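Following: one structure in structure tokens, then a few remarks.
The values are calculated or read from the model by the stated rules, or taken from the named source; none is laboratory data. Just so it is clear, the structure is predicted and the values come from calculations on it, not from any experiment. Methodologically, a virtual Cβ is constructed for each residue, glycine included, from the backbone with ideal geometry; neighbour enumeration extends over all protein chains shown.
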Amino acid sequence: MPSRHKNKTFATLLASVTGGIGLHRFYLRGPTDQWGWLHVASIPVTLLVLWLGIGKHGLFQAAALVLSVLIGFLEALVLGLIPDDKWDQQFNPDSDKQSASRWWLALLLVITLAMGATGLIATLARGFDLLFTGGAFG
């Protein structure tokens with residue numbers, strides 16, 4: 001019996017939009033994926049740090065979740081750039097279908113790159129502002 005075909009574009013979209021909580025990992029590898037659970041764990045860790053009042057600034061308090069989201073953007077780019085034949089070998093070995101990426105996967109990758117780069121630059125800028133000036137610029 002053929003297994004369910006895993007769509008590369010959908011996995012990339014999941015990683016772009018919900019990469020911070022790891023839904024793309026569960027879509028691809030199922031509920032036993034340890035890295036997916038690490039993404040999920042970033043939420044209660046961040047909430048616990050906020051509740052305990054550890055740290056002075058929100059960026060450092062939410063560092064686990066911010067890092068998880070940035071890694072989600074990177075994973076989206078990696079997933080979207082896997083060639084279709086290698087994608088099928090890795091995620092669809094028993095599927096009847098063949099993956100065929102379309103133009104909107106490329107558009108999704110461009111948008112993901114823009115959002116991820118913006119998020120990374122903003123995080124670095126705010127982090128350096130907090131570390132070196134104590135938050136003098138905001």
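Taking the stated definitions as given, is residue 20 out of contact with any strand residue (DSSP E or B) (no Cβ under 9 Å at 6 or more places or on another chain), surrounded by 12 or more Cβ atoms within 10 Å (Cβ to Cβ), outside any helix (DSSP H, G or I) and of a type outside the set (D, E, K, R)?
Values: out of contact with any strand residue (DSSP E or B) (no Cβ under 9 Å at 6 or more places or on another chain): yes; surrounded by 12 or more Cβ atoms within 10 Å (Cβ to Cβ): yes; outside any helix (DSSP H, G or I): no; of a type outside the set (D, E, K, R): yes.
Judged against the criteria, residue 20 is not a match.
Hey, can you tell me all the residues within the range 94-122 that are modelled with pLDDT under 90 and either exposed (fewer than 11 other Cβ atoms within 10 Å of the Cβ) or within 17 Å of the chain's Cα centre (by Cα) (or both)?
The first filter runs over the range 94-122 and keeps only residues modelled with pLDDT under 90, leaving 94-102.
94, 96, 100, 102, listed by residue number.
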### Task
Scan (1) farther than 26 Å from residue 122 by Cα; (2) surrounded by fewer than 19 Cβ atoms within 10 Å (Cβ to Cβ); (3) among the hydrophobic types (A, V, I, L, M, F, W, C) for the single condition residue 91 breaks and write down its number.
(2)
#### Entry: Count of the range 34-63 residues which are small (Gly, Ala, Ser), modelled with pLDDT of 90 or more and surrounded by fewer than 19 Cβ atoms within 10 Å (Cβ to Cβ)
2
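Here is a list: 117, 76, 106. Which entry is free of Cβ contacts under 8 Å to residues at least 12 places away in the same chain, in a helix (DSSP H, G or I) and within 30 Å of residue 48 (Cβ to Cβ)?
Working: 76 fails: free of Cβ contacts under 8 Å to residues at least 12 places away in the same chain; 106 fails: within 30 Å of residue 48 (Cβ to Cβ).
From the options 117, 76, 106, the qualifying one is 117.
Taking the range 23-33 only, how many residues are surrounded by fewer than 23 Cβ atoms within 10 Å (Cβ to Cβ) and touching a residue at least 24 places away in the same chain (Cβ under 8 Å)?
Adding up the residues that qualify gives 1.
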